[in-house]
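Asker: My questions will all concern the structure given below.
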């Protein structure tokens, strides 16, 4: 379980690098984010929530059931959209209102 | 690369900007003009256990319950071995700290009468995805609080037995920090990564407790000679298979029972439904050939399933993604469960610094709060807030009568040289990762990890003790090529130091008090007559010395004496 960075989309703003609780994100020679050790990611999604460019994709390693899907997030005011993209390209969006408590 | 010293001075230094640390800082800022410095290894916006969020507040006195009934629950769950004085002092504050964090912006569900909506006997419903950004925002509104992000603290500064500050280094530039403080509050969290994890390969960090909580606070205290308590009460979480996501949300949320592969509910056959028994019963069912085990989610509605997807996204997103990868959610498939590797974490069990009611450790000038502080299990988030508050108020009282002090130049030079030695010369054949992997393997096989079904015996512990000593010697000679590696190097040194103490504690308790958490195969039964006491320890001249102490009652005023 880890993240993959789409350098074509990364703007190099550095917001993600600032928040990683494991200090795993660094800048490459072009100033774009890369992950130092993909296997050291905890999967907390802090970096995804900072990214405004859909450049960070969260995925499950094959050793914990990953089979090609990935996840990214989009903020819209108080709404946090979680976009799950399946291996075949179909998208499923789950929207959470930050002002609503969890049901469970 | 060589680090150069830079001095900083503050009134109160808080090491670790997580749940307890941020709350302690806020408490101080609201009460006084004292200068506070939070030093954080990552960034307080998303550091610590709550980086991904938290989906409920699990320690709250709901209508019909009392602080006394909370204490009884905690004491019963821990087989009688808690510091009643500490647990009770937290229970008395749970509701006031909850009200405060709601004022800061945490969304808590309320009913039409304006009462918080309960989830069970001690829990309330929230949206806690952004609990850390809320705390970080609150901290940033106070001029008296300075935050130093991306600085890794490595040792306390001690003068004449008193803690006068701490040493650390920057992860961004070649700075060795020498920080003088009138009082220090340690709030670094507990220790993960001591044992081989559930997913030892690519997903090695997909663990429940934060893999970035490396036991630094414990290790710094151990090296400085602070007394520690109850490390042998390890915490092993019952979690969703593979993703290691919490199970309580499903068990409590939709009332799912634990079932074995035959579809039978098994938990009640193993005695009262305590935290350790929920895990132990699952371990036994697997050992007896009746695994895999599951949470039985049959019969939940599509709407309940949707709510579970959301609840997990707010704290452990991997589980929701896993359901989508499987093409089936919990409404059409039970959720497989397993036990994690053992952690040392004082927010869930009683492991940590031995403290008095004011949260003072045995080292004058040093206070502890949250997962790093011992004696009071089941703190959860609100208990850590409460403990941060108590430690903050105590530190404020303490600093009224002390002045800033600095270590001798020679001590600083010596410490700096020791760090720089790790940055000089060529890298040897053993890497930091190799040492970490070896440590996790030794602990797994010989000290009651997943491989051995969490049980251990004295013969195995002796093997482990020898190997951990060897690894410590190797780790002291490791080299780092950059500041990130230097952090990893100190993390493995810290973990090994925690393992050393843990092994002594496991050996010392000659009974089995908490199945799986502390399963001594040489002494498989609980022995209240001999062992209803705390196993404590102190590092003296490089050796861990065990100290047994009598129970402390709810209304006792325990003071550090010897």
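Asker: In this structure, is residue B:391 over 26 Å from residue B:176 (Cα atoms), assigned to a helix (DSSP H, G or I) and in contact with a strand residue (DSSP E or B) (Cβ under 6 Å, 6 or more places away or on another chain)? Before you say what the answer is, go through the steps one by one.
Answerer: Working: over 26 Å from residue B:176 (Cα atoms): yes; assigned to a helix (DSSP H, G or I): yes; in contact with a strand residue (DSSP E or B) (Cβ under 6 Å, 6 or more places away or on another chain): yes.
In short, yes.
Asker: Can you find a residue that is modelled with pLDDT of 95 or more, in contact with a helix residue (DSSP H, G or I) (Cβ under 6 Å, 6 or more places away or on another chain), surrounded by fewer than 24 Cβ atoms within 10 Å (Cβ to Cβ) and more than 30 Å from residue A:18 (Cα to Cα) anywhere in segment B:32-48?
Answerer: yes
Asker: Here's something else I'd like to know. Anything in segment A:90-99 that is more than 15 Å from residue B:312 (Cβ to Cβ) and within 7 Å of chain B (Cβ to nearest Cβ)? List them, or say none. Steps first, answer last, please.
Answerer: Just the residues of segment A:90-99 that are more than 15 Å from residue B:312 (Cβ to Cβ), to begin with: A:90-91, A:93, A:97-99.
Within segment A:90-99, A:98, A:99 qualify.
Asker: Can you pull out the helices (runs of 4 or more DSSP H) entirely within segment B:262-346 that have at least 3 residues that are closer than 30 Å to residue A:79 by Cβ? Step through it out loud before you land on a result.
Answerer: Working: elements: B:275-287, B:302-313, B:317-326.
Answer list for segment B:262-346: B:302-313, B:317-326.
Asker: In segment B:379-388, is there at least one residue being surrounded by fewer than 24 Cβ atoms within 10 Å (Cβ to Cβ) and more than 16 Å from residue B:15 (Cβ to Cβ)? So that I can check it myself, show each step before the final result.
Answerer: First, the residues of segment B:379-388 that are surrounded by fewer than 24 Cβ atoms within 10 Å (Cβ to Cβ): B:380.
Among the residues that remain, those that are also more than 16 Å from residue B:15 (Cβ to Cβ) are: B:380.
Within segment B:379-388 (the criterion being surrounded by fewer than 24 Cβ atoms within 10 Å (Cβ to Cβ) and more than 16 Å from residue B:15 (Cβ to Cβ)), the answer is yes, since at least one residue qualifies.
Asker: Could you tell me how many of the residues in segment B:505-519 are over 19 Å from the mean Cα position of the chain (by Cα) and in contact (Cβ under 8 Å) with a residue 24 or more places away in the chain?
Answerer: From segment B:505-519, those over 19 Å from the mean Cα position of the chain (by Cα) are B:507-513, B:515, B:519; that's our starting set.
Subset that is in contact (Cβ under 8 Å) with a residue 24 or more places away in the chain: B:507-509, B:513, B:515, B:519.
Qualifying residue count, segment B:505-519: 6.
Asker: Can you tell me which residue in segment B:89-134 is surrounded by the most Cβ atoms within 10 Å (Cβ to Cβ), limited to those that are in a helix (DSSP H, G or I) and at the interface with chain A (Cβ under 10 Å from one of its Cβ atoms)?
Answerer: Of segment B:89-134, the ones in a helix (DSSP H, G or I) are B:89-91, B:94-104, B:131-134.
Now drop any that are not at the interface with chain A (Cβ under 10 Å from one of its Cβ atoms), which leaves B:132-133.
Details: B:132: 29, B:133: 17.
Per the criteria, the residue is B:132.
Asker: Is there any pair with a first residue in segment B:520-543 that is under 13 Å from residue B:81 (Cβ atoms) and a second that is loosely packed, with under 11 Cβ neighbours inside 10 Å and modelled with pLDDT of 95 or more whose Cβ atoms are under 6 Å apart and which are 6 or more apart or on different chains, and what are they?
Answerer: Listed pairs, sorted by first residue: B:533/B:550.
Asker: Which of the residues belonging to segment B:494-540 are in contact with a helix residue (DSSP H, G or I) (Cβ under 6 Å, 6 or more places away or on another chain) and surrounded by fewer than 22 Cβ atoms within 10 Å (Cβ to Cβ)?
Answerer: B:511, B:522, B:539
Asker: Still on this structure: Within segment B:257-270, can one find any residue that is free of Cβ contacts under 8 Å to residues at least 12 places away in the same chain and either within 14 Å of chain A (Cβ to nearest Cβ) or touching a strand residue (DSSP E or B) at 6+ places or on another chain (Cβ under 8 Å) (or both)?
Answerer: There is no residue in segment B:257-270 that is free of Cβ contacts under 8 Å to residues at least 12 places away in the same chain and either within 14 Å of chain A (Cβ to nearest Cβ) or touching a strand residue (DSSP E or B) at 6+ places or on another chain (Cβ under 8 Å) (or both).
Asker: Confirm whether residue B:225 is buried (at least 20 other Cβ atoms within 10 Å of the Cβ) and in contact with a strand residue (DSSP E or B) (Cβ under 8 Å, 6 or more places away or on another chain).
Answerer: Working: buried (at least 20 other Cβ atoms within 10 Å of the Cβ): no; in contact with a strand residue (DSSP E or B) (Cβ under 8 Å, 6 or more places away or on another chain): yes.
Judged against the criteria, residue B:225 is not a match.
Condition check ((1) surrounded by 17 or more Cβ atoms within 10 Å (Cβ to Cβ); (2) at pLDDT 95 or above) across all residues:
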{"site": "A:85", "(1), (2)": "yes, yes"}
{"site": "A:93", "(1), (2)": "no, yes"}
{"site": "A:98", "(1), (2)": "no, no"}
{"site": "A:101", "(1), (2)": "yes, no"}
{"site": "A:104", "(1), (2)": "yes, no"}
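Asker: Residue under question is residue B:189, and the condition is that it be closer than 21 Å to residue B:471 by Cβ, within 11 Å of chain A (Cβ to nearest Cβ) and in contact with a helix residue (DSSP H, G or I) (Cβ under 9 Å, 6 or more places away or on another chain); does it hold?
Answerer: Values: closer than 21 Å to residue B:471 by Cβ: no; within 11 Å of chain A (Cβ to nearest Cβ): yes; in contact with a helix residue (DSSP H, G or I) (Cβ under 9 Å, 6 or more places away or on another chain): yes.
For residue B:189, the condition - closer than 21 Å to residue B:471 by Cβ, within 11 Å of chain A (Cβ to nearest Cβ) and in contact with a helix residue (DSSP H, G or I) (Cβ under 9 Å, 6 or more places away or on another chain) - is not met.
Asker: Can you tell me how many residues within segment B:172-196 are under 26 Å from residue B:405 (Cα atoms) and surrounded by fewer than 23 Cβ atoms within 10 Å (Cβ to Cβ)?
Answerer: Keep residues of segment B:172-196 that are under 26 Å from residue B:405 (Cα atoms), which gives B:173-188.
Next, from what is left, pick out any that are surrounded by fewer than 23 Cβ atoms within 10 Å (Cβ to Cβ): B:173-178, B:180.
Qualifying residue count, segment B:172-196: 7.
Asker: Which of the strands (runs of 3 or more DSSP E) contained wholly in segment A:15-67 include at least 3 residues that are within 12 Å of another protein chain (Cβ to nearest Cβ)? First the steps, then the outcome.
Answerer: Values: elements: A:25-27, A:33-35, A:56-59.
Per the criteria, A:25-27, A:56-59.
Asker: Within segment B:549-560, identify whether any single residue is surrounded by fewer than 21 Cβ atoms within 10 Å (Cβ to Cβ), in a strand (DSSP E or B) and at pLDDT 95 or above, and answer yes or no.
Answerer: Going through segment B:549-560, the residues surrounded by fewer than 21 Cβ atoms within 10 Å (Cβ to Cβ) turn out to be B:549-560.
Add one more test, that the residue is in a strand (DSSP E or B), and what stays is B:549.
Within this subset, residues satisfying the condition of being at pLDDT 95 or above are B:549.
Yes, the conditions are met somewhere in segment B:549-560.
Asker: Then there is this: Does residue B:286 satisfy the condition of being more than 14 Å from chain A (Cβ to nearest Cβ) and surrounded by 16 or more Cβ atoms within 10 Å (Cβ to Cβ)? Write out each step before concluding.
Answerer: Numbers: more than 14 Å from chain A (Cβ to nearest Cβ): yes; surrounded by 16 or more Cβ atoms within 10 Å (Cβ to Cβ): yes.
So residue B:286 fits the description; yes.
Asker: Given (1) over 24 Å from the mean Cα position of the chain (by Cα); (2) within 29 Å of residue B:489 (Cβ to Cβ), identify the lone condition not met by residue B:401.
Answerer: Evaluating residue B:401 over (1) over 24 Å from the mean Cα position of the chain (by Cα); (2) within 29 Å of residue B:489 (Cβ to Cβ) leaves (2) as the failure.
Asker: Being in contact with a strand residue (DSSP E or B) (Cβ under 6 Å, 6 or more places away or on another chain) and either assigned to a loop (DSSP other than H, G, I, E, B) or within 29 Å of residue B:282 (Cα to Cα) (or both) narrows it down to one of B:448, B:453, B:425, so name that one. Break it down into steps so the answer makes sense when it comes.
Answerer: Details: B:453 fails: in contact with a strand residue (DSSP E or B) (Cβ under 6 Å, 6 or more places away or on another chain); B:425 fails: in contact with a strand residue (DSSP E or B) (Cβ under 6 Å, 6 or more places away or on another chain).
Residue meeting the stated conditions: B:448.
Asker: In addition: Exactly one of (1) assigned by TED's automatic domain parsing to the domain that holds residue B:359; (2) in contact with a strand residue (DSSP E or B) (Cβ under 9 Å, 6 or more places away or on another chain); (3) under 30 Å from residue A:64 (Cβ atoms); (4) in contact (Cβ under 8 Å) with a residue 60 or more places away in the chain is unmet by residue B:203. Its number?
Answerer: Every condition holds for residue B:203 apart from (4).
Asker: Any chance segment B:197-215 includes a residue that's more than 14 Å from every other protein chain (Cβ to nearest Cβ), crowded, with 24+ Cβ neighbours inside 10 Å and within 26 Å of residue B:433 (Cβ to Cβ)? Quick ask: steps written out before the conclusion?
Answerer: So the first thing to find is which residues in segment B:197-215 are more than 14 Å from every other protein chain (Cβ to nearest Cβ), and the list is B:215.
Going one step further and asking which of them are crowded, with 24+ Cβ neighbours inside 10 Å, we end up with B:215.
Those still in the list that are within 26 Å of residue B:433 (Cβ to Cβ) too: B:215.
Yes - at least one qualifying residue is present in segment B:197-215.
Asker: Could you run through segment A:72-89 and say how many residues are assigned to a loop (DSSP other than H, G, I, E, B), within 10 Å of chain B (Cβ to nearest Cβ) and over 28 Å from residue B:102 (Cα atoms)? Working first, answer last.
Answerer: Applying the first criterion (assigned to a loop (DSSP other than H, G, I, E, B)) to segment A:72-89 yields A:77-78, A:86-89.
Those left that are additionally within 10 Å of chain B (Cβ to nearest Cβ): A:78, A:86-87.
Now narrow it down to the ones that are over 28 Å from residue B:102 (Cα atoms): A:86-87.
So the count comes out to 2.
Asker: Which is surrounded by fewer than 20 Cβ atoms within 10 Å (Cβ to Cβ) and either modelled with pLDDT of 95 or more or more than 30 Å from residue B:247 (Cβ to Cβ) (or both), of B:17, B:80? Give the steps one after another, and end with the answer.
Answerer: Working: B:17 fails: surrounded by fewer than 20 Cβ atoms within 10 Å (Cβ to Cβ).
Criteria check complete, one pass: B:80.
The values are calculated or read from the model by the stated rules, or taken from the named source; none is laboratory data. A quick note: this is a predicted structure, and the numbers were derived from the prediction, not measured. Cβ sites come from the backbone with ideal geometry, for glycine too, and all protein chains shown count toward neighbours.
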